[in-house]
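The values are calculated or read from the model by the stated rules, or taken from the named source; none is laboratory data. No experiment lies behind these values; they were computed from the predicted model shown. Virtual Cβ from ideal backbone geometry, glycine too; neighbours counted across all protein chains shown.
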Amino acid sequence: MIRPILCRRRAFTLIELLVVIAIIAVLMALLLSAVQAVRESAHKMQCQNNMRQLAVAVHNYHSDHEKMPPYFYEDHEPVYGGWFSNLLPYVEQDALFRIMVEDYQQSGTFFTEYILISPGTPPSGDPITHTVVVPPSPGSPYNGYNYGGSPWYTYTYVTYTDPGTGATYKVVPHGIWLEGVHQAKYKVLQCPSDPSNTGGLVYDYWGSTNYVPNWNAWGSGADSLYTAAQRFAALTDGLSNTVLFGEQYAECDRLGRIALYSWYYQCFGLNWYGQGNTLMFQVRPLPLDYYHCPAGKECCDNWRTQTGHHAMNVTMADGSVRGVSGGISQETWDRALLPRDGLTLGSDW
């Protein structure tokens, strides 16, 4: 009887197994790196597209009003707030803009009202929300629309009653503090490459933004927060030589950056004291505050702008978007931010 010959497969040796594992690890690392590079490229493109949309909005506003939006509120404007407030109709947010304009026509104020209903100490009881419906206003034209002409106008207010004294007062929000306005989110202001994009602080309120206007270009360069809105003709160095927008972390050193209110929350060309500056931007700093920043590391400085990319994206006043290397000289950066210094951009631009 002939017995079949059994072939035995030789097992991997330990060294061969380790080599295979090492090869797989290298391939996975290369694949992960490629995926991350593709993702970052897509994020960068999205961030740049947002910046282009904002530039188009500014140009359209300028075409209608013969000036850029005010950096902050200017007399006779229909809404109170930062640069983004007046751009709302130009970024497909006309409904929110209408809410604020109609509320102002009804109330005559941009600010939250605290109205005492019955005398007593300031209350601390639980709030009660009330809804009020009032007749429509005649309306008034602005930017090609007739605001205030809706059939009914509705607003809400909150009353507080102190159970100890019985004192009651109502809080009526207006302007950018209105319900439906202050909590709105705007995709055009959000860059997915921002490592601070985690919620918290005021990230989800008052137009949290990754894009910030260069105060030197948006104002006269001498009028602090309430600087006069500028015409493009005032940027005498040329639109292609002037930075209009830069990037920033939406949360930086325990400060949330918001677009419906300028200054303090956004420091690009202007510091907390209303003084102009040309501070250099940061490239990919850690999204940690001063008190939690590891020794020897660079963390987010809310006096400056920063980018989550490998280069700072900027929008020029002519609407073009480009990346600026972190190795740029301070002198060239100064010239790009200052629209009236009469100096050309450096060779490292």
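Filtering G256, G276 for residues that are under 10 Å from the mean Cα position of the chain (by Cα) and at pLDDT below 90 leaves a single hit, G256.
Filter the strands (runs of 3 or more DSSP E) completely within segment 137-249 down to those with at least 2 residues that are at pLDDT 65 or above.
In segment 137-249, 153-161, 168-172, 211-213, 243-247 are the strands (runs of 3 or more DSSP E) which contain 2 or more residues that are at pLDDT 65 or above.
Does H59 meet the test of being surrounded by 11 or more Cβ atoms within 10 Å (Cβ to Cβ), modelled with pLDDT of 95 or more and within 30 Å of H310 (Cα to Cα)? Judged against the criteria, H59 is a match. Of T344, T307, all but one fail to be crowded, with 18+ Cβ neighbours inside 10 Å, in contact (Cβ under 8 Å) with a residue 60 or more places away in the chain and among the hydroxyl-bearing types (S, T, Y); the exception is T307.
Are any of the residues in segment 262-276 under 26 Å from C293 (Cα atoms), in contact with an Asp or Glu (Cβ under 8 Å, 6 or more places away or on another chain) and in a loop (DSSP other than H, G, I, E, B)?
There is no residue in segment 262-276 that is under 26 Å from C293 (Cα atoms), in contact with an Asp or Glu (Cβ under 8 Å, 6 or more places away or on another chain) and in a loop (DSSP other than H, G, I, E, B).
Among the residues of segment 79-116, those that are assigned to a helix (DSSP H, G or I) and closer than 23 Å to Q266 by Cα comprise S85, N86, L87, L88, P89, Y90, L96, F97, M100. Going through (1) surrounded by fewer than 18 Cβ atoms within 10 Å (Cβ to Cβ); (2) closer than 19 Å to S224 by Cβ; (3) of a type outside the set (S, T, N, Q) one by one, P70 falls short only on (1). If we keep just the residues of segment 211-226 that are in contact (Cβ under 8 Å) with a residue 60 or more places away in the chain and out of contact with any helix residue (DSSP H, G or I) (no Cβ under 7 Å at 6 or more places or on another chain), which is nearest to L286 (Cα to Cα)? Checked segment 211-226; the qualifying residue nearest to L286 (Cα to Cα) is V212.
Looking for something touching a strand residue (DSSP E or B) at 6+ places or on another chain (Cβ under 6 Å), assigned by TED's automatic domain parsing to the domain that holds Q48 and buried (at least 19 other Cβ atoms within 10 Å of the Cβ) - is there at least one such residue anywhere in segment 286-296? Let's see the steps before the verdict.
So in segment 286-296, the residues touching a strand residue (DSSP E or B) at 6+ places or on another chain (Cβ under 6 Å) come out as 286, 288, 293.
Okay, now just the ones that are also assigned by TED's automatic domain parsing to the domain that holds Q48, so 286, 288, 293.
Checking which are buried (at least 19 other Cβ atoms within 10 Å of the Cβ) leaves us with none.
No, there is no match, as no residue in segment 286-296 is touching a strand residue (DSSP E or B) at 6+ places or on another chain (Cβ under 6 Å), assigned by TED's automatic domain parsing to the domain that holds Q48 and buried (at least 19 other Cβ atoms within 10 Å of the Cβ).
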